Amino acid sequence: MSRAADETHRLAASDDLEVAAYLEATREQAGEAPVDPPPTRDPSIESVVIFDFGSQYSMLIARRLRELKVYCELVPPDASWEGIAHLNPKAFVLSGGPASVYDEGAPQAPPYVFDSGLPVLGICYGMQLLAHQLGGRVAASTEREYGPAMINTRGIDDDNPLLSGLHSTMPVWMSHGDRIVELPPGFRPLAFSENSPVAVMGNDSGLYGLQFHPEVVHTPAGKDLLENFLLKVCGFRGDWTPGNFVQQGIQRVRDHLGEGKVICALSGGVDSAVTAALVHEAVGDQLTCIFVDNGLMRREEPERVVETFQRHQKIRLVHVDARERFLRALAEVTNPETKRVRIGEEFIRVFESEARKLGQVDFIAQGTTYPDVVESASTGTGTAAKIKTHHNVGGLPSDMKFQLVEPLRYLFKDEVRQVGLELGLPEEIVYRQPFPGPGLAIRVIGEVTAEKLELVRSADWIVMDEIKAAGLYGDLWQSFAILTDTKTVGVMGDFRTYGYAVTVRAVRAEDAMTADWARLPYDVLARISNRIVNEVPGINRVVYDITSKPPGTIEWE
Ligand code: XMP
């Protein structure tokens, strides 16, 4: 590391002009007027604003900061000060990204970031931007650094608050093509790696750059580094929890809705349940929930929705029994995508006709969560690709003029769950495994009939019962039964049987993008198999799906 270390020390000897002085000088040169300081902020909220330059890890940065109990939001690089002032930013993070600072049209940090005098953490591309926009020089690296590297901080600036309590050599995860060859005025290198003389840089006003990704698990000390930045450099209290969000969220919904009437479609899933509970807390009877029983739910689910929302939460609930309609819409359909389309269309028809019966309705509340927002190019920061469109079953009635209310828009799934618990929702709903919008229709392979739905529902009930009894429900992403359209021969007592084969599927996953089949204990599988064959007439064989995703998907259709 000695060549890089020498370079580090040479860079450390650069002159000591302040950022403000540099900005003033460059503006004067360009004949630009000085920028007014941002307006005063509401001290009761404090947050980090993360500029998303398109790194695949941007959302992970947000997760980490929130785990460290500091509220943050991702915004696009062109966000105006007026657009973010309500967040009361106390610090900025500039994310990584695929661009190179000298590319034509490369995104930049808005000038108010540096004029604000607030601390800034630049990560990878964000660090190059800090250097580039504040008068340093960036060049393409001859050795592109990607993957694991060691950084060394020994003897450079041992008292620096960013590095406080950390080891002087640390494994980190690098991913960059450019490197800093000249530091901006006032900055010092704080660490080097074999290929980066400046793996970390900083100045005395709380501006820092990291050449590596502190947000990924491959940088084991990354979380400590981020914590140092938040608590020691920025002075955050570090006391934000999703619980804080509840009161704020309720107030925001109240302000937004005023006296308006709002509807919300309940699906039985956690997102719509928490949305309804929060909106109800905010505006009481201005909210009406519509629950469409499509006949494609699990056993006792419709009853649970009615019980929880109508009886316990005292929410006005319109319960529509649309089982027949959905069966008719699905008659003779065997193609999975056609099933989805028919179910989506039918849902909109039923929902619209019920909503119309309510008279004037101004708003519709939806359980959109943060990953949906960030993953959707149209509403998010605009930098990530659109994923999972087919999962937004139902969609919104197209010609109805509602304004959208999305109170969970800025929360991650586990935060939504905590909010649900705070609002008094039962654990059974809050920790429910995901269930697809088209429900059991895509777990009956081939044509969907009332009889087949009953078969899969009975088998599914036994799977759920045994998985819960074994204490495995919370560990599994999903566990369920699928009714195949294959009949097989069996023997029961002295009789030949000819019944359906059922598949049991249980997967572990962090998110649904990938999944591994769960190594369920043989005893549990044996109990499930015995009970299904004995208790569900019409099913005489049980198989276990041992395909992971990829190459399989979680659902069979
Ligand atoms: P796959 O089968 O694609 O499923 O591995 C990934 C996750 O999405 C759920 N899923 C759906 N959810 N509408 C939904 O609301 C759908 O059409 C749909 N298809 C799959 C699936 O249960 C799993 O959690």
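The values are calculated or read from the model by the stated rules, or taken from the named source; none is laboratory data. Remember, it's a predicted structure, so these values are computed and weren't measured experimentally. Glycine also receives a Cβ, built like all others from the backbone with ideal geometry; neighbour counts cover every protein chain displayed.
Brief remarks follow.
Every residue, every condition in (1) in contact with a Cys (Cβ under 7 Å, 6 or more places away or on another chain); (2) among the charged types (D, E, K, R); (3) buried (at least 21 other Cβ atoms within 10 Å of the Cβ), yes or no:
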position: Thr153; (1), (2), (3): no, no, yes
position: Asp157; (1), (2), (3): no, yes, no
position: Pro161; (1), (2), (3): no, no, no
position: Pro171; (1), (2), (3): no, no, no
position: Gly177; (1), (2), (3): no, no, no
position: Glu182; (1), (2), (3): no, yes, no
position: Ser193; (1), (2), (3): no, no, yes
position: Val198; (1), (2), (3): no, no, yes
position: Ser205; (1), (2), (3): no, no, no
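- When Val262, Val233, Val270 are screened for being in contact with a Phe, Trp or Tyr (Cβ under 9 Å, 6 or more places away or on another chain) and closer than 21 Å to Met201 by Cα, only Val233 passes.
- Residues located in region 490-502, provided they are touching a residue at least 40 places away in the same chain (Cβ under 8 Å) and surrounded by fewer than 17 Cβ atoms within 10 Å (Cβ to Cβ): Gly490, Met492, Tyr498
- Among the candidates Val448, Val502, Val463, residue that is assigned to a helix (DSSP H, G or I) and touching a helix residue (DSSP H, G or I) at 6+ places or on another chain (Cβ under 8 Å): Val463
- Checked against the criterion of being assigned by TED's automatic domain parsing to the domain that holds Gly268 and farther than 22 Å from Trp556 by Cα, the candidates Pro302, Pro336 yield just one match: Pro302.
- Identification of helices (runs of 4 or more DSSP H) wholly contained in region 48-167 with 1 or more residues that are modelled with pLDDT of 95 or more and either out of contact with any Pro (no Cβ under 7 Å at 6 or more places or on another chain) or under 24 Å from Thr26 (Cβ atoms) (or both) yields 58-67, 111-115, 125-133.
- Within region 518-557, the residues that satisfy the criterion of being within 12 Å of the ligand (Cβ to nearest atom), part of a loop (DSSP other than H, G, I, E, B) and either in contact with a helix residue (DSSP H, G or I) (Cβ under 9 Å, 6 or more places away or on another chain) or under 18 Å from Leu476 (Cα atoms) (or both) are Asp545, Thr547, Ser548, Pro550, Gly552, Thr553, Ile554, Glu555, Trp556, Glu557.
- When region 343-374 is filtered for residues that are without any contact (Cβ under 8 Å) to a residue 40 or more places away in the chain, surrounded by 18 or more Cβ atoms within 10 Å (Cβ to Cβ) and away from the ligand (no atom under 12 Å from the Cβ), only Val373 remains.
- The residues of region 465-483 that are away from the ligand (no atom under 16 Å from the Cβ) and surrounded by 12 or more Cβ atoms within 10 Å (Cβ to Cβ), listed by number, are Asp465, Glu466, Lys468, Ala470, Leu472.
- Unmet criterion (only one of (1) touching a residue at least 60 places away in the same chain (Cβ under 8 Å); (2) within 11 Å of the ligand (Cβ to nearest atom)) for Arg505: (1)
- Some residue of region 175-184 being modelled with pLDDT of 90 or more and of a type in the set (Ser, Thr, Tyr): no
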